[in-house]
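One structure is given here, and the rest of the page talks about it.
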């Protein structure tokens with residue numbers, strides 16, 4: 001028989017392919033991924049197998065795709081038959097690159113090529129690597145797809161729901177959760193983020209963003225990518241923990257993992273439950289605590305009942321009329337909304353401790369005027385006026401030429417450079433009130449108002 005070189009054979013095949021359609025063997029292009037793994041109190045693992053494109057299908061409202069099709073490979077000018085998955089195989093190993101043994105196989109039962117599979121043979125406290133591949137049957141032949149990326153699972157019962165993340169003291173959160181069975185304790189983790197990211201999380205509040213594996217699309221990427229740090233560890237008999245290093249107005253995510261003691265070491269659950277909260281013991285722009293909700297009063301009696309009088313310390317000149325002499329402590333009594341009383345006291349406490357000793361000789365909050373009862377925040381005791389004569393309220397009129405005229409409606413003058421009772425813009429007083437969510441009005445310089453306008457407040 002005449003022998004042909006390999007290069008000649010390849011040339012002949014290329015010539016044939018340019019004339020005839022070349023078909024390759026059937027294949028499965030989809031790879032499976034894992035959409036979570038949970039372990040119950042008996043150590044039984046439930047793994048959710050989905051297409052690696054499950055997030056796309058899930059968030060865009062698509063179900064699974066059925067049937068078969070034909071795909072075209074541009075690189076080799078070859079058509080091949082594409083089979084869609086109808087079954088799966090799940091494998092397990094104690095090492096990521098070790099020998100894998102089949103745990104389960106069967107048909108897909110959910111959309112997006114999905115199935116929930118249990119493994120009841122795992123040893124409590126061990127850690128296993130799982131991987132899966134899809135299968136399909138064509139002309140009585142089983143076709144196997146490629147393995148997806150492996151997932152590691154610690155055989156430790158998964159945590160239950162965090163029921164509350166609440167600011168219970170200044171700088172202190174109390175995190176509470178439902179107990180998990182057959183565990184030795186809980187590790188609590190946290191991450192801290194600022195007002196900008198907190199606002200983003202609030203804007204998605206209509207979705208359920210707290211829960212198992214908080215890595216969901218509702219969480220801003222900047223927050224999602226922050227590392228967790230250990231906040232504390234408690235025994236299995238506890239269902240709450242205090243975290244006392246929180247900062248006023250900041251947002252926090254707390255995550256809980258269970259653990260089992262194995263040979264003297266803590267083995268954590270792979271699953272976590274996470275929930276978020278705001279350090280809003282004192283009022284802040286993004287307050288979540290419902291104690292800041294209020295109702296507009298129907299009458300003066302109802303309005304006054306919602307308020308209380310607090311005593312605060314401030315500085316003033318010994319010779320008040322001449323603004324001279326040493327500064328002395330003055331006590332002011334202010335009637336404010338009961339729900340904001342602690343915040344108001346804290347604000348004045350910080351102003352009083354400031355080394356500049358800004359002088360304040362008067363402050364008022366609650367007042368009842370029927371004509372203002374549906375719009376003035378003084379009616380509900382959440383607005384404060386200070387040093388009114390030296391920090392006026394302006395009124396504006398407009399000329400025919402379009403120019404704006406400004407004149408003082410209440411008060412006498414504003415001279416922050418020469419008069420110490422005129423509070424400068426962005427000074428100690430304004431910055432301290434702003435820290436606690438109070439806005440100083442542009443046209444009413446005596447007025448500091450608790451901000452209810454933020455769309456993120458009390459969602």
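The values are calculated or read from the model by the stated rules, or taken from the named source; none is laboratory data. Predicted, not measured: the structure shown is a model, and the values here were computed from it. Virtual Cβ from ideal backbone geometry, glycine too; neighbours counted across all protein chains shown.
Miscellaneous remarks
- From 135, 109, 172, 121, residue being assigned by TED's automatic domain parsing to the domain that holds residue 255 and out of contact with any helix residue (DSSP H, G or I) (no Cβ under 9 Å at 6 or more places or on another chain): 172
- Per the listing 313, 247, 266, the residue uniquely within 26 Å of residue 434 (Cβ to Cβ), surrounded by fewer than 17 Cβ atoms within 10 Å (Cβ to Cβ) and not assigned by TED's automatic domain parsing to the domain that holds residue 334 is 247.
- Here residue 311 meets the list (1) closer than 30 Å to residue 348 by Cβ; (2) free of Cβ contacts under 8 Å to residues at least 24 places away in the same chain; (3) out of contact with any strand residue (DSSP E or B) (no Cβ under 9 Å at 6 or more places or on another chain) almost entirely, failing just condition (3).
- Residue 112 satisfies every condition listed in (1) within 30 Å of residue 28 (Cβ to Cβ); (2) part of a strand (DSSP E or B); (3) touching a strand residue (DSSP E or B) at 6+ places or on another chain (Cβ under 6 Å) except (2).
- The residue that is farthest from residue 34 (Cα to Cα), among those in the range 129-155 that are under 37 Å from the mean Cα position of the chain (by Cα), without any contact (Cβ under 8 Å) to a residue 60 or more places away in the chain and in a strand (DSSP E or B), is 129.
- Residue within the range 274-295 that is modelled with pLDDT under 85 and more than 28 Å from residue 244 (Cβ to Cβ) present: yes
- Residue ID - nearest to residue 247 (Cα to Cα), chosen from residues in the range 419-437 that are outside any helix (DSSP H, G or I) and at pLDDT below 95: 436
- Criterion violated by residue 169 - all others in (1) more than 24 Å from residue 240 (Cα to Cα); (2) loosely packed, with under 14 Cβ neighbours inside 10 Å satisfied: (1)
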